[in-house]
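**Q** Questions regarding the structure given below will be posed in turn.
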Amino acid sequence: MSSQVIPALPKTFSSSLDLWREKNDQLVRQAKQLTRDSRPSLRRQQSAQDTLEGLRELLLTLQGLPAAVPALPLELTVLCNCIILRASLVQAFTEDLTQDLQRGLERVLEAQHHLEPKSQQGLKELWHSVLSASSLPPELLPALHCLASLQAVFWMSTDHLEDLTLLLQTLNGSQTQSSEDLLLLLKSWSPPAEESPAPLILQDAESLRDVLLTAFACRQGFQELITGSLPHAQSNLHEAASGLCPPSVLVQVYTALGACLRKMGNPQRALLYLTEALKVGTTCALPLLEASRVYRQLGDRAAELESLELLVEALSATHSSETFKSLIEVELLLPQPDPASPLHCGTQSQAKHLLASRCLQTGRAEDAAEHYLDLLAMLLGGSETRFSPPTSSLGPCIPELCLEAAAALIQAGRALDALTVCEELLNRTSSLLPKMSSLWENARKRAKELPCCPVWVSATHLLQGQAWSQLKAQKEALSEFSQCLELLFRTLPEDKEQGSDCEQKCRSDVALKQLRVAALISRGLEWVASGQDTKALSDFLLSVQICPGNRDGSFYLLQTLKRLDRKNEASAFWREAHSQLPLEDAAGSLPLYLETCLSWIHPPNREAFLEEFGTSVLESCVL
Amino acid sequence: MAGASSRVHYLSDFCCPLGGRAAGKPFVLRHEAEVFLSTGREFVYVYDQEGGLLTAVYQFPDQVWHLQLLAIRRALYVLCARTGIYCLSLDSLDRSGSQACEDKEEAAPPYPVIHVDPDACVLPDAALCAFTVLDDMLVTLAQGPTQWKMQLFERPCAGEEPLPRGQIGEVELSTCTPPGGVPEKPAAPRFLPVLCCVFPPDSRAPHGHPQGCGCFTLEEALFGLLFGVDATLLQSPVILCGLPDGQLCCVVLKALVTSGLAPGDPKVLVKILHHLEEPVIFIGALRAEPHEEEAAGELLPGQHEHSDCLVALGHQGRTLAIKASWSESGNLVPELREYCLPGPVLCAACDRDGHVYHSTPSDLCVVDLTRRDSPWNPEKPDGAIGGLPSVLCPASLNICSALALCVTARAPTGSTELLALSSKGRLITCSLDLNSEAPVPAKMAMANAGQKIKELLLDIGDVSERVSFLKKAVDQRNKAITSLNEAMNVSCALLSHPEGDRPIACTITTSWSRLELRDMLMATCTLENSSSFSLDQGWTLCIQVLTSSSALDLDGTGSAFTYTIPVDRLGPGSRREVTLPLGPSESGVLDLPVTMSCWLFYSLREVVGAALAPSDPLEAPYLEQFPLSLPKQEGVCLPLCKRTVDMLQCLRFAGAATHPAQAPCMPGPACEPVETFLKTCQAPGSEPTGAASLRAKYLPPSTASIRVSAGLLRAALEDSHSGFHLCSATLRWLLAENAAVDVVRAQTLSSIQGIAPDGTDVNLTVHEVAVTDLSPAGPIQAVEIQVESSSLANMCRAHHAIIRRIQTMVTEQAALGSSPPDLRMQYLQQIHANHQELLREVQALRDQLCTEDELSSCSTAQKLLHIYKQLRNPSLVLL
C-alpha cells in the first residue's frame, strides 16, 4: 500500500488553508493582546501557554500533510510564531529550537523534492542547500528570511558567529560576497517585504534584523571593552546606541561608553555619557558605579563618595515587576556580565562595602566607621534576610569584613567599639575554633599535631591589642599581641583543604609575613612604652629577621639600639642590612585591615631618620 | 529493638493513589490535632484526629507534589504539579463550608470538595519541583532546560496578587536531565528533589514549623563545619538540597540575595556536600549524642535541643550521616559515615531521639543512630567522643508500603507516634515505645483484651497484605519461567528438524469463495502442532503477504502486509486454521504472484515484561531489589514455510465450477448492490461490457508457448502420469495445486479453458510436437504448452507461473543427473544470437519510448509488443 504523493492540491485543501491561516492570525492577535493584558500573571501565563499550544497544534497539522509549496509560507510562518512565543515565554533559547528549525528546513527541501532521504544534514548544510537551490519559489522567501533571522538569533545567543556569517552571506547573495564583517552583513541584509495577504507573524524578519544588529554591536562593544581594544569598543557601542535600543540596554551601552572613555583618558566626556545614562531613567545603579570610578580617576573624592552613597541608595529599591513580552528583544541576546566586568554592579551590601572601604582608604575614618557599622548591622542583625553579604569570588569573606570594620573603628578613635566587634566575631565562631585549652595543652606537651587556626583569628587578636593599646591598657594589649604571635607561630595552617578560598587568600605568604611583622612591632612598641627596651629590642630584631629589609622594623631596631646606646651593633646591623634596604613593602596585595594596621605602626619620620643614621654611620666609618 | 511494641490504629481511608508513585508524592503532616495529607493525586485532605473525621478536601488542578505548613502564619502552602505554589489560609478553613460546591460526578461524598480557585496560586511556575517556606521567604527549586534553578522570593501570602515581583535571588545548581515528554507538557519526573532549611542555633528558631516539615536547627559546631564561617557569622539559614542525581548541596540563604534578576555565581553560592549516587529521598537531622541528664532536665518543655547529626537517605537505601567531632589535636573535623539500609526507600522520617524510620514496600524499619552501647563521657580526655555507630541494625515495625510518614510529638509517656499513609490509602498511627521491654502477655487485663485483639487483627491484616503482594510477584515470575522453558523446547524442536518434517508445521492452501457478493481468493494457513509441547501465551503466528508489483506500475515495488495472529494455547496434536483474503482488491486487481511466508514469533516482552513490571506499579519496588533487565531483542522468530501463489493456482474453470450459473462476477470499482444484482442476472453467455471485455472481443488473443522435451517430462512425472497420456498428465501437473481442478483431473484433457481472477479467459493447450532440426540424431519428441489469453497481463502471469514450475522441475532433474541428447550446436547458437538481437531491439525500443511523444510512442509500443510476442514463442526446447 505504497502511498502516492499527490502533487496537485485538491480544491478542499485551499479552503482549509484559508481556515488555518485564519487560525494563525487569530492566535497571533491573541498573543499580541497579552502584552497589553493587566490580569494576574498566572492567568496571563496560562493564556500565553494556551496560545503557544494552539500554534503548536496548528503546526503539527500542517506538518502532517505532504510538503507542498502552496502551504509552506503558512507553515513556516506558524513555525516562526511558535519559536518566538516560546523563546519569549521561557526567556531563553533551548535546544529543541534547533530541532524545530531543522524540521522546517527539511520540509522546504521536501516540497522541492531535493531532500535526500536518510541524509543527516546539519543545520548549516540544510541552510546552504535550501538557499542555494536554483528553483526557490519566490513566495517562500519572506517566511524563509524570517526563519533565517531566528536561526541567526539562536546562533548569536550561542556564539556561533562563523555559522552566522556564512548564513548572512548566503542570504545577501552575491552583493557582499567578500565581506566578513557581521555588522556590515547585518546592515546590508534586507529581508523581502511580505505580500499583503500574508499570514500574521509576531515579529517580522526586519524587526528581528534590527534586534540582531543592536545586540551584536552591544556584545562586540562589551567584549572589546573588557579585552581592551577601546577604539573598536567605542565605535561598536556608538553603533548600538544609534540603533533600536530598549531603555535598559541603552543604560548599559552609555555606561559602557563611559567606562571606555574613562579608560581612554577622557573622564570629562565619560561623565557626559553617564549623565545621559542617568537620564534614561530605568536604573541608575550602573552609571553611578561607573561615575564613582571616573571621579576616583579624577581625584575628586567628595564626588566619588557621593556617587557611591547614591549607588547604595539606588540598590536598596527592589526592582520593578516585568511586563510580559511576546517578542524577542535585545536583552535576551546579551550575556550576563560576569563579576569582573565593569557592567556588573553587584548588590547593595557590596556597594556599601565599597563605600566604606573607600572612606577608610581615603582617610575619612569617621565615615568609614559609620558605614562599616551600618553594613555589619545589616548583615549580622539577623532580623532581615534581605541583605546579602558582599562576598563574591573577588571580595573579602565575612571575618575579614569584621576586621576591616574594627580597623576603621580604631582609626576613628572608637577602640571600645572595635573591641566589641572583635569579641562578637570570636564569640560567634567560637564553636568552630580549636578549644584554646587543648591548644595550650598540646603546645605544652609538644604534640606533633597542632590544631590549626585560621589566620583571621590571629588578626583579630592583633586588632584587639591595637584597640587596648589605644585605650592605654598595656597589660591587655601585650596579652593580645602575645596570643596573636603564639597563634601565628605555633599553629601554622598546613591543611589547605580545610579553609575556603578567601582564607587561602589571606594566608598568602606576603600577608602572613606582614602580619607577623605588624604583631611583633606592635608588641615591641608596647614594650617600649612600658620601658622594657630589651624585650622590645628582641621583637624588633625578630621582625627584621622575618622580613629582611623591612624599613619600619629597621627603623625601630636602630632607634632602640641608639636609645640603648649600642652604637656598634647598630652600625653593624646597618651595614649588613643596607644592601637589602631598597626592598619596599609589597603593599596593595594585603588585606585592607592589615594595611590600615601597618599604617599605624608606620613612623612618620622614618626616611629622614634612616638617612640621617646612614650618614652618621658613614661618618663613623670614615673616622 | 526487635521487641519494640507498636500499637497501630487505623484512622481513616482515603482513595488510594491511582497509578502508584508515578502519580505523585504522597505527603502527611500534622499540626496539633489537624492532619494535612495528600495521596499523590489532586486532593489535599484535612483530617481532624481528635474528632476522627475529615473536615475539608481541596481539589487542585493537578497532582499535589508537596505540602508545607507555616503554622505561625496560619497558612498551608501546596505545590501543584505543572502549575505552581498555592497558599491556603487555615483561618478560612472554617468558613469554607459555605462556599463549597458539591462534586456532582461522584456519588455525594460525605465531605465537601472545594475546588481551589486559580487565584489562590501565589507563585505560578510550571517548572517548579520543590519548595520550602520560611517565615518571610520562599525558596523554590525549578527544573530549567539544562540546570536546576533555585530562586528566593519574598513569602507571598494567601490572597495576594500573584506577581513575580518579590524575587530576591537566584542561582543555578548542577546540570539536570530535562524531563521527557512534549516540551510544553513535560512528563512527571520519577523522583522529585528534596529541599529543606537548616537554621543556625542562635537564630530565631524555626518556630511555626511542625516537626518533620523540612526545617531543623543544627548545633553550632556541625553547622559551622558544614556551611562555613560566613554562614555561622551571618547566622543565616542554609538551604539543603538533595537532587535526583544524588547530589547533596547547600546554599547560604543570606548570600543568595542577588541584584536584579541576574543569577548569582554558583561557584560562590553553591557548595556540594556529598554525592549519594542515587536519588535523594529524605534529608533530616537528629540528636545522635545522648545529652547529659541534668542538661535535659533543664530544658523547657517546648524547647528542643539542637540536632547534632545530619542524615540523608537515597532511594536504594544508601544512608549518609554527618556529625562534627574533634580530632586529637583539638580541631573540628567532620565524621561522615555511609550505611546501606534495605531499599528501595519509599519515604523516611526521623525523630529527635536518634531514630530514623524508613519505609520500603515490604516493611517499615527503624534504625538507631545513637550509640547507646557506650555511654557518652563528657570528661573523656582524648579520642573521638560520641561517634556514630559503625553498623546500623534496622528493626521491623511490621507495617508495609507506607508511602508517607510523619513523626509527631512525643506523648507525655515518652513514646513516639508515627503517622503513616499506606499504599492502599489508609491513614494509620503507630505509637512506639522503643525503650520499653516487650509487653508481658500474661498480665493482660480483661479491660484491654478487646483492644489487644483489635491490634493483633490489624497486625495480621498488615502482614497478610504484605504476603499477598509478595505471592503475586512470585507467581508471576514462576509463570514467566515456565513459559520461557516451553518456548525454549519449541524453538529447539523447530530448529533441529529440516523443513518438511518439522513437528510444528504450517501449510497453505488457496481457494475461491464468495464474500460480500465478490469472489475472493482465500488462503488458508493451517498450523499443526504434532510436537509434544504446547504453544502458549506469547506465541504469535505471523503471515506476510508479499504481492508482486503490477506490470502497469513501472517502478512500483509491490506491497507487503503482515498479519499477526496470537496463538492462544495450541496443545500437542491440535491444529489451527487461519483464512486470509488475498484479493482481488476493490478495484479488481490481484497482483499475482503473491508470496506468503509464515513464521512463529515469541514475544519476550509480553511474557517476561509482565513479570518484571507488574500491573500494580506500587508493587514494582519489590522487584527493583533484583533488577532484571529485558534482553535487547524483543523476541524469538522461527520461520515455518514460504509459498508462492501464482496464476495457475487461481484459475477457475467454468465447466468444473460447483455452481455453473455463478459465473465469476466482474469485479468493478463500484460494487453497488443493484449493479451487482443486474450483472449476476445476465445470462452467462451474454456480452460482457467494459474495456477489458471489449479488448477481449476485438483484439487477437496474446499467446505464448513453451516447449519441453517429452523425455524430461516423462522422467519428472514418472510416478503420476502412469496410465495417462503425457499431455493430460502435464496439464494435471501444472494445475496440481489448484483446488478447483478436481473435475479436470477425472478426465483426460489436453486443453483447458480457465477464468483468471479478473474474469478474462486463459486457455492452456498441451500437445506433442516433434522438433526436427535441433538434434543430429533425429527429431526430438517434445511437448508444447501454449498459453492464450485475451488479456496480455494474465497471459504473462500464466506464462510466468508455468516457467517457474518447469524451472524447478529442470533443476530437480538436473540434480538427478539425466544427460541431454546430442544437439546441433550451430543451430542453438543461431537461436541464441537471434534472441540476443531481439533483446537489444527491446532495449532500444524501451529507451525510445521514454523520449518520444504520444503519437510515435504508440507505434513503438506496438513494435515492442510484437517483439515480446516473438520472444515468448521460442523455438527452443527444454531438454
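The values are calculated or read from the model by the stated rules, or taken from the named source; none is laboratory data. The structure displayed is predicted, hence computed values, not measured ones. Cβ sites come from the backbone with ideal geometry, for glycine too, and all protein chains shown count toward neighbours. Keep in mind that these areas ignore ligands, DNA and RNA; they rest on the heavy atoms of the full protein, side chains included. Shrake-Rupley method; radii C 1.70, N 1.55, O 1.52, S 1.80 Å.
**Q** What single numbered condition from (1) more than 9 Å from every other protein chain (Cβ to nearest Cβ); (2) at pLDDT below 80 fails to hold for B:Ala262?
**A** (1) is the only condition that B:Ala262 fails.
**Q** Criterion first (at pLDDT 75 or above, in contact with a Lys or Arg (Cβ under 8 Å, 6 or more places away or on another chain), buried (at least 22 other Cβ atoms within 10 Å of the Cβ) and under 26 Å from B:Thr132 (Cβ atoms)) does B:Gly354 satisfy it?
**A** yes
**Q** Also: Of everything in region A:331-361 that's surrounded by 20 or more Cβ atoms within 10 Å (Cβ to Cβ), over 11 Å from the mean Cα position of the chain (by Cα) and of a type in the set (S, T, N, Q), which residue is farthest from the other protein chains (Cβ to nearest Cβ)?
**A** By that ranking, first place goes to A:Ser357.
**Q** Could you run through region A:39-64 and say how many residues are modelled with pLDDT under 85, open to solvent by less than 50 Å² (accessible area, probe 1.4 Å) and farther than 13 Å from A:Val28 by Cβ?
**A** 5
**Q** What's the number of the condition A:Ala31 fails, among (1) more than 14 Å from every other protein chain (Cβ to nearest Cβ); (2) at pLDDT 80 or above; (3) within 26 Å of B:Thr83 (Cα to Cα); (4) loosely packed, with under 14 Cβ neighbours inside 10 Å?
**A** (4)
**Q** Could you check region B:712-739 and list, in sequence order, the residues that are crowded, with 17+ Cβ neighbours inside 10 Å, at pLDDT 70 or above and more than 57 Å from the chain's Cα centre (by Cα)?
**A** Matches in region B:712-739: B:Leu712, B:Leu713, B:Leu726, B:Cys727, B:Ser728, B:Ala729.
**Q** Would you confirm whether any residue within region B:132-139 is touching a strand residue (DSSP E or B) at 6+ places or on another chain (Cβ under 9 Å), closer than 19 Å to B:Val280 by Cβ and either buried (at least 16 other Cβ atoms within 10 Å of the Cβ) or at pLDDT below 75 (or both)?
**A** Yes: one or more hits.
**Q** Out of B:Ala108, B:Ala75, report the one residue that is at pLDDT below 85 and in the same structural domain as B:Ala402 (by TED's automatic domain parsing).
**A** Testing whether each residue is at pLDDT below 85 and in the same structural domain as B:Ala402 (by TED's automatic domain parsing) leaves just B:Ala108.
**Q** If you take the residues in region A:217-266 that are aliphatic (A, V, I, L, M) and touching a Lys or Arg at 6+ places or on another chain (Cβ under 7 Å), which one is least open to solvent (accessible area, probe 1.4 Å)?
**A** Ranking the qualifying residues of region A:217-266, first place goes to A:Leu261.
Residue-by-condition table, conditions (1) at pLDDT 65 or above; (2) not assigned by TED's automatic domain parsing to the domain that holds A:Ala467:
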position	(1), (2)
A:Ser383	no, yes
A:Cys397	yes, yes
A:Ala412	yes, yes
A:Ala418	yes, yes
A:Glu441	no, no
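**Q** A follow-up question, please. For the list (1) of a type in the set (A, V, I, L, M, F, W, C); (2) open to solvent by 20 Å² or more (accessible area, probe 1.4 Å); (3) touching a helix residue (DSSP H, G or I) at 6+ places or on another chain (Cβ under 6 Å), I need the number of the one condition that A:Leu208 fails.
**A** (2)
Matching residues to (1) modelled with pLDDT of 80 or more; (2) not polar (S, T, N, Q):
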residue	(1), (2)
A:Leu333	yes, yes
A:Pro339	no, yes
A:Gly346	no, yes
A:Ser349	yes, no
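**Q** Can you tell me which residue in region A:588-609 is surrounded by the most Cβ atoms within 10 Å (Cβ to Cβ), limited to those that are assigned to a loop (DSSP other than H, G, I, E, B) and modelled with pLDDT of 80 or more?
**A** Restricting to residues being assigned to a loop (DSSP other than H, G, I, E, B) and modelled with pLDDT of 80 or more, the top hit is A:Pro591.
**Q** Please work out if A:Leu59 is in a helix (DSSP H, G or I) and facing chain B (nearest Cβ under 10 Å).
**A** no
**Q** Restricting region A:560-587 to residues that are open to solvent by less than 60 Å² (accessible area, probe 1.4 Å) and polar (S, T, N, Q), which is modelled with the highest pLDDT?
**A** A:Thr560
**Q** Any chance region A:96-104 includes a residue that's touching a Gly at 6+ places or on another chain (Cβ under 7 Å) and either buried (at least 23 other Cβ atoms within 10 Å of the Cβ) or within 14 Å of chain B (Cβ to nearest Cβ) (or both)?
**A** no
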